[in-house]
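Below: one structure, written as structure tokens.
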Amino acid sequence: MDNLYGILKSAHSGWRYIVFVLLVVAVINALSGWLGKKTYTEGNRKLNVFTLISAHIQLLFGLVLYFISPLTKLPASEAIGRYWKMEHISMMILAIILITIGNSKSKKITDGVAKHKAIAIFFGLALVIIIGAIFMMVKADPSKTFFGVS
Ligand code: HEM
């Protein structure tokens with residue numbers, strides 16, 4: 001179990017950069033497609049799907065960690081326990097739901113600019129929530145840093 005914990009902890013810690021970079025690039029592309037009234041290309045679609053898949057993989061790592069990490073067993077009466085028991089999971093799941101909705105909306109819409117708009121809004125909100133959650137992590141848990149990988 002200790003081994004599994006170590007592997008998943010490193011995987012979840014490092015994978016966040018994949019999610020983060022894909023999400024930032026997807027939001028920038030979607031904003032420029034929406035505001036610049038560009039066509040929605042196959043490259044745009046693939047980028048958005050890869051972003052979605054990366055977020056779902058992060059969710060899987062996180063779900064297992066939630067049950068085996070010692071951090072989620074800390075008392076909720078303290079900020080660190082509250083963060084790991086409730087705040088991290090709820091904010092990150094909300095962000096992943098937004099990414100999932102944004103992607104499925106963009107698939108249903110036929111107009112290219114409107115597809116870009118759906119991605120820009122939903123992925124953009126998810127990005128803000130993820131950054132907020134990581135800021136809260138640094139405040140609540142002194143052993144974590146914004147960019148530190150463990
Ligand atoms: C996009 C989504 C997510 C991002 C960007 C993210 C990011 C992070 C980061 C940066 C850490 C600290 C890693 C470190 O120590 O270096 C962490 C830890 C953790 N995450 Fe997430 N996370 C996400 C989703 C989730 C979800 C959905 C869950 C639960 C279902 C979860 C559960 C956990 C747990 C339990 C830890 C503590 C691991 C430990 O150190 O024992 N995460 N996450």
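For the reader, a short list of remarks on this structure follows.
- Magnitude of the charge dipole, segment 2-96, Cβ model with Lys/Arg +1 and Asp/Glu -1, debye to 20: 260 debye
- Charge tally around TRP34: other residues with Cβ under 14 Å, Lys/Arg +1 each, Asp/Glu -1 each, net +4.
- Here the label points at VAL149 and ILE131, each 7 Å from Cα along the C-beta direction, are separated by 2.2 nm in the simple model.
- Checked against a 27 Å cut-off, the cross-linked pairs LYS9/LYS73; LYS85/LYS139; LYS105/LYS139; LYS46/LYS144; LYS117/LYS139; LYS46/LYS117 give Cα-Cα distances beyond that limit for LYS105/LYS139; LYS46/LYS144; LYS117/LYS139.
- Applying the Kirkwood pairwise sum to the alpha-carbon positions of the chain produces a hydrodynamic radius of 16.1 angstrom.
Since every read-out is calculated from the coordinates, none of them should be taken as a lab result. This one's a predicted model, so the numbers in the text were calculated from it and none came from an experiment. When we count neighbours, we look across all protein chains shown, and the Cβ atoms used for this are built from the backbone with ideal geometry, even at glycine.
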